[in-house]
Amino acid sequence: MIFRAMPPAPASRTLRAARLGFAAALSIAIFGGLAQAQQLRGDKAMPQPGPPSSTPSDSAPARPRLPKDKRTQVEGLFAALKVAPDDRSAKMIADRLDQIFGDSGSPSADLLMARAAAAAEAKETDLSLQLLDEVIEIEPDYIGALSRRATILYMRDDYGAALADIREVLAREPRHFAMLYGLALIMRDLGDDKRALQAVRQALAVNPHLDGAGELESQLTIKVEGRPI
């Protein structure tokens, strides 16, 4: 589930200001928690833009929900994605990762996910969110449902709720490049170009061929670091 830049939905100034304030505060917790998860995995940590939140979920390590055989597949796919020679190869690998993370292992959850996808396709976003809420109630660690709900919430300009779901996804899989890209888009929309640049670079480190991410990284680099001399 890849984030796309979308025009924000209409919202009152008061409501939008409240959402942006909450989103900005939550973003600090996400970056702090993501950096700590990467350190626990032995990866190079993302530079921390601010103090991490003190809530327990922010300091929790990644919590893989996949069985051992699928976790082995995921590790191999992420390794292959990082060195994919071209866009076509990268897309094939990314699609396979989507399939793995999209497998809930629950017939009930799968049925609700199919209905949620159909509702989203018909632009019935309220119904889609309601169905996704039901899925997550059944399978709270299901990355596929969390990432899809985050995408819809972003498209509705509900950044605070979208960031909350992004945090849950990244706590379970810090290399989820679609959510890292979504985090970058939200930070850009909030006017925090520095954190946006950090997030998009993290996404590109996982998937160098991620559609749209290279262009966003170039734009943000100029804004944050200036043009090279």
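Observations on the model:
- Cβ crowding within 10 Å ranks ILE143, ILE166, ILE222 as ILE222, ILE143, ILE166, fewest other Cβ atoms first.
- In terms of surrounding Cβ atoms within a 10 Å radius of their Cβ, VAL200, VAL83, VAL206 rank from fewest to most as VAL83, VAL206, VAL200.
- C-alpha center-to-center spacing [the stretch 71-123, the stretch 186-223] in angstrom: 22 Å
- Relative contact order (percent, whole number), the stretch 79-229, Cα cutoff 8 Å, 6+ residue spacing: 18 percent
- Which of PHE78, PHE177 has the fewest Cβ neighbours within 10 Å, and the rest in rising order: PHE78, PHE177
Read-outs: derived from the displayed coordinates by stated rules, not from any lab. A quick note: this is a predicted structure, and the numbers were derived from the prediction, not measured. Backbone-built Cβ (ideal geometry, glycine too); neighbour counts: all protein chains shown.
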